[in-house]
Every structure is written in C-alpha cells, then in structure tokens.
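Bear in mind that the values in this text are calculations on the coordinates, not laboratory data. What you see is a predicted model, and the numbers here were worked out from it, not measured in a lab. Cβ coordinates were reconstructed from backbone atoms using ideal geometry, including for glycine residues, and neighbour counts include every protein chain displayed.
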Amino acid sequence: MNKRTFLVALVIIISLALGFFGLKKLKINQSTPSLLSLSLDNAFDSLDPAKAYSDDSLVISAQVLEPLYQYHYLKRPYEIQPLVAESLPKLELKGTLIKIRLKKNILYHDHSAFNGKKRYMKADDFVVQFKRLAMESLKSPAKSLFAGLIVGFDSYSKKINNDWRNISMTPLEGVIAIDDYNLEVKLTRTEPNIVYYLALNFIVPVPFELVAWQENNLDKVLLGTGPYIFGGFQENYYELKKFKDYRQDFYPSSGDRYANVEKLLDSSKELIPFIDIVRFYVTSQESERWEMFLKRKIDLLTVPKSFIPALYNSNGELSNDLKKNHVTLKHFPILANRWLAFNMKHPLIGKNDFLRRAIAYSIDYSQYIQVLSQNTNLRANSILVPGISGYLPAKDFRFKYDPELAKAYLKQAGFDRPDKMPTIKYSTRGNQSIHLTEADFIKKHLEAIGLKVEIEVLAFPNFLTKGRAGELMFFTDNWLFDYPDGENILQLLVSKNFPGINKSAYSNNHIDKLYDELKQTTNMDQRDKIIREMEEIVFNDLPWIPMMYESSFVLQYPNIKNFRKSSIIRNYVKYLKLER
C-alpha cells in the first residue's frame, strides 16, 4: 500500500469511527427520557376527584384523570369538545335527559385492584363517581352543583346509609349505565351549564374495584385513563410518567388568531403526549421558585408578583440574567378575581353594615394594585371578570378610597372614640411573602382610620379548612373560574353552600331565589339580567369588596414549545413539547 492509499484508508476508517460513535451518542441522547419540571405553590390535603378543589391539586389530577369533556386548547372564547365521550351530549325531553356515548377501548393505568388484568373504562365507572359525589361523608364541593338537579341525588347518601360498600348494589335513579358505552343522566330541570359541569374534574371515571381496594379513601391515590401515570410524592415533588398504552390522541390542528400568531399550531396532528416524565415541585416560598427557575431546576415559572420588578433592567428591557438564558416572557389574562371578604355570621363585622362600609372606603385600591401586582392587574369593578358573559366593562367602581367617608361610616357604626375601637382579625390566604405584604397593606389602611388590626397568618390548607367552617372573620379570597359562566362564582354566595365554599357565610333569600332562577334560565339576555340584579344586592349587603382581576407573567426556556396558560384548561401538559 503506498502512502497516498494509506492516508485515504485512514481517513475513511476515522470517518466511519466518528460516524459510529456519533450515531451511538445520538441514539443515547434520543433514548434519554425527556423531563419537564414545574412548580406548585401550595401543598394540599386530597387528590380524590370528589374532593380536590384547589388549583394545585387539580393541576396534578388533570394530567392523570379524564372527564367526559375538555376545552379546546387553542381556541378563545372557550369551546367544549369530547375527551372520553365520543361526541357532545345528546339532550332530550327539553334538556332533562342527557345521553352520552363513550369512546371504546380506553385503558386504565395498571393497579393492584385489577389483579393484573387490563381494565377498560365503562359507563358504570361514571355512575360510581356520581354516587360518591352524593355521599355526605365525602363533603364534595360538587354536591352543590348536582343537589336538586340529578334525580335521586339528594336522597342517595341516606339511601346507602352513607356507606360506600352499598354503592355497587344500590342504584342512583338519575345516573344509569345503559351498557358499557352508553350513559344516561336524568335531570329534574334544564341546566344551561350542564356540559360545563361534565367537563369538571369531579366527573371522571372511578372503577369500583379501586373504591373497594382503598375503602373509598382516594386522598393519596390517582388512577385514571389520562396521558400520565401518577408516581406519588418523591422527596419534594410529585412525579408523573407517560402512559405507554395511552390511546391515539393528537395535537390540535386549528386555533384562534393568537394560536396562529404565536406558532402554536406547528405540532398539529402529532401524537400526544410528547414528554416522558413530569415533576411538580412543591415550593411555597416565592424566592425558592425564582431561584429554581434561574438555576433551571424548573422549566416554566408563573412569576410571583413580588418578583415582577426583577424581570427588567433600568432601561425597561428584560434583565441580563434572563437574556443570557434566552428566556421568553409572556403575559396572560386569566379568569380570576380577588376580593376582601367578611364573615357575615360574625357578631361584630357581619352584623354591622357601617363597619364593613368603613373598611370598603379605607382601602387605596390603586396603591393596592401597585403593591400586590406592580400595576399588572386591573382594578375590579364587578364580581364577574372580563371574558364572562354579563360582565360590563363600563360599570362604575362602587367603592373608592375616601378616608374621611370611611371615618364617618365608622362613627355611624358606633365607634366614635379611640377607646371604643374594635379589633379586626385579618386572616391570610397563605403564608407566602405576597400574602404577608397584603396583610400589612390592609392593616396599615384600617389602622389609618382608627381600627385595631390583628393578623392571623395561615398556610393555604388551614385557610381553606377554617374558611369553609366559617371560622374566619375578615380575609382575602380569590376564585379561578372552573367554567366560563357567572354562575360559577355566584355559587360562593348561596346560603346552602355554607358551611363550605361560601366562606363568607352570606345568606340572602332573594339571592338564593335568583340563583335558582339563573340555573333554570337558558336565554342569555335574561341570564345577564339576573346576574346584574344579584350583583346589586351583593354590593348593597357587602359580604365582599371586589379588589382586582388577576393576570400572569410566565417565564419559559426556549426549548419549551406549545405553552398557553389558562386557569380553566389544566390538562395542558400533554400538549407541551421539549426540543432537544
């Protein structure tokens, strides 16, 4: 072999070797599971789909459990579409008979309750869950949705002696499995929002085998048909893994203008889910979440309000720390409202209308929005939020900052001297820094008109427990809409929902009657009229002081594709893609 031939052969050998090792390395990289890390703000007590109602618990559940219907990921206004149902419900008998056909061959995740056998979803699994929702012992927030609506629902718990073991042998008259793929729901009346109810996380299939295996305690268990399998809590995060036997489902192929402009349709018709492993880190401290994002321990961050100034440099541009990592910042409106609330059964604050009005006029609302959101949120002029039918953008602000008027109301309340001033206990909605900042702000403004204020710092689960039991005096509350209708938030003011989600313990017979009328009215103009009448009554009684409409800044790294934030669409993880 001459020298030239030797060199050519050597080049070929080296090229082949490099190609082999490069291909080997590529295959190794391709075989490495993709991992998405996200964060949760608060711990929670239960993942049981009959009980879970905090945003954090619902976000976890929504990746594992599948209700009958879901919202189209890329369309606004929100559009309902089938998920495990084959089509939208068929309404008969003037909307009082609902017929739902289910998709076939939808497989559950493996569980010991199935004795090693594959278990497919069937209509009776939904019947089981409806029965569980009716049980008094579970105290499901969904009970108020279906009470008086589903035939036989109200009496079912008594019928089974509130004992889960009687579920399998005791029918619920209003929910029937015709066969494995056909479900019928009988209503006592027309319900305009029934399709929204059927898209809630409460209405998911629950196999009776699981109920029996867990003796109806599903607080720490998640078993579903969704794209991700629940792996439990590991150290400081919840882990989910892609369900390898998930049915064929595809990324949306249509969307609204925003979806097109933001190139959210690039993955159209591709199989979902994309990501192999998802971790939700529980990080109650805002500074910890911020640092985790900067160190890339989490991939997406809803920016805590107190960190909004850190997003920008002195020139108003994205900060250098974010720029160098090619981080993208996006601003999303969300269907969320925030208000101050009074316990209307409290002997001091609930029984003294003038005292509540004094507080309503003591708050500097513009400064509140500056301090709490860095002026990124909007002042609330209504119980409803923008994007909800019935909301009037031109509606006047009922309460304004007027310290002198506040003091005049305080005098009318019977507190005209410093030695007469009562102590108001304000309870926080969490123990993060933003909640403490809010508490200090409220305390400062109430003390400026002469009131004494005691701050009770509560972790979020404790806030929920005490609030639903009617044990709070004065507090901040907020609501992420579960479905895009005013009825969703007005339920918090109905007397039958106390104790429970009516944390203000508010009771007004006229409100209750109007709410019942609203639930039976299908005409949109008439519904809007009823909602406005209810709102006027609430403003006059003053169990709430509307504060602001919330929005979100979200930071994401450049390899994360297809993200669009929504407070209603929680099963979004299946749409996300990580580019390597």
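Data for the structure
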read-out	value
Antiparallel content of DSSP bridges confined to the chain, in %, to 5	80 percent
Positive minus negative residues near Ile537 (Lys, Arg vs Asp, Glu; Cβ under 12 Å)	-3
Exposure proxy ranking, count of Cβ atoms within 10 Å, fewest first, for Val327, Val457	Val457, Val327
Distant-in-sequence amide H partners of Val175 (H built 1.01 Å from N, under 5 Å)	Lys186
15 Å beta-carbon shell around Ser314, net charge (K/R +1, D/E -1)	-1
Summed side-chain charge close to Arg398 - residues other than Arg398 whose Cβ falls under 10 Å, Lys, Arg +1, Asp, Glu -1	-1
Highest-first arrangement of 108-119, 38-49, 79-90, 308-319, where packing means the average Cβ count within 10 Å	38-49, 79-90, 108-119, 308-319
Which label in [x] 111, 67, 43; [y] 89, 51, 50; [z] 83, 57, 44 gives the computed Cα extents along the principal axes in Å	[x]
Relative contact order (percent, whole number), the chain, Cα cutoff 8 Å, 6+ residue spacing	18 percent
Residue-averaged [θ]222 nm for the chain, counting only DSSP H segments that reach four residues, each worth -39500 (n - 2.57)	-9000 deg cm²/dmol
Pairwise label distance in nanometres, Lys244 with His510, each label 7 Å out on the Cα-Cβ vector	6.4 nm
Vicinal HN-Hα couplings computed from phi for region 255-269 (Karplus, 6.51 cos²θ - 1.76 cosθ + 1.60; Hz; Gly/Pro x)	x, 7, 4, 4, 4, 6, 4, 8, 6, 7, 9, 5, 9, 3, 6
Relative contact order, percent, region 493-570 [alpha-carbon distance under 8 Å, six or more residues apart]	18 percent
Tensor-based shape of region 418-466 (alpha-carbon gyration tensor, a/c under 1.5 rounded, otherwise prolate or oblate)	oblate
Amide H contacts under 5 Å for Tyr312, placed H, 5+ residues apart	Ser319
For region 335-551, share of DSSP beta bridges that run antiparallel, in % to the nearest 5	65 percent
